[in-house]
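A quick write-up on the structure given underneath.
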Amino acid sequence: MALRTLDSALCSCTIIHEDVVEKVREELTDGDTLFDMAGTFKVLSDPTRLKIINALMLEEMCVCDISALLNMSQPAISHHLKSLRQTCLIKYRRDGKIAYYSLDDGHIKMLFDQCASHILE
């Protein structure tokens, strides 16, 4: 990830632009929503979970398949899947004894693609 220089980003102005501050204050996202967003970003901050999301973007998979793909134990994969389920990033469906996992909705792929695009920019 490329870091941008910050030396010219400091503001030497001491004037508060009250109209701007008030306009932004009125339009800020509420605290509960921000709390939930932070939880989602926290779950997505793990590279293994991002690999799982990436795999599920391509195909619905069971724990055994994901375990083989990522060369990890099934309990470890199940732990990550639980975190992804709790934040509504993935869902599952049962077919007999097998649970198949997939993305919860199209927003997850869009979020992943936007982040990847930003990083590759």
Notebook entry, point to check: part of a helix (DSSP H, G or I) and loosely packed, with under 14 Cβ neighbours inside 10 Å: does that describe LYS82?
Noted result: yes
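Any chance segment 65-73 includes a residue that's touching a strand residue (DSSP E or B) at 6+ places or on another chain (Cβ under 6 Å) and not hydrophobic (A, V, I, L, M, F, W, C)?
no
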Note to self: Regarding segment 18-36, can at least one residue be identified that is within 18 Å of the chain's Cα centre (by Cα) and in contact (Cβ under 8 Å) with a residue 12 or more places away in the chain?
What the structure shows: no
Next item on the list: Only one of these is among the hydrophobic types (A, V, I, L, M, F, W, C), within 20 Å of GLY39 (Cα to Cα) and touching an Asp or Glu at 6+ places or on another chain (Cβ under 8 Å): LEU84, LEU89, LEU50. Name it.
Entry: LEU89
Notebook entry, point to check: Residue check, CYS88 against (1) assigned to a helix (DSSP H, G or I); (2) within 30 Å of TYR101 (Cα to Cα), all met but one. Which one?
Noted result: (1)
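Residue-wise test of (1) over 11 Å from the mean Cα position of the chain (by Cα); (2) without any contact (Cβ under 8 Å) to a residue 12 or more places away in the chain; (3) over 16 Å from ALA55 (Cα atoms).
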residue	(1), (2), (3)
ASN71	yes, yes, no
ILE77	yes, no, no
LYS91	yes, no, no
GLY96	yes, yes, yes
SER102	yes, no, no
ASP105	yes, yes, no
PHE112	no, no, no
LEU120	yes, yes, yes
Next item on the list: Looking at (1) surrounded by fewer than 17 Cβ atoms within 10 Å (Cβ to Cβ); (2) among the charged types (D, E, K, R); (3) assigned to a helix (DSSP H, G or I), find the lone condition where ARG94 falls short.
Entry: (3)
Checklist line | Whichever residue in segment 37-69 is free of Cβ contacts under 8 Å to residues at least 12 places away in the same chain and polar (S, T, N, Q) and, among such residues, is nearest to ALA116 (Cα to Cα) | finding: SER45
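None of the figures in this text is laboratory data; all of them are computed from the coordinates on show. No experiment lies behind these values; they were computed from the predicted model shown. Ideal geometry is used to build each Cβ from the backbone, glycine not excepted, and the neighbour counts take in all protein chains shown.
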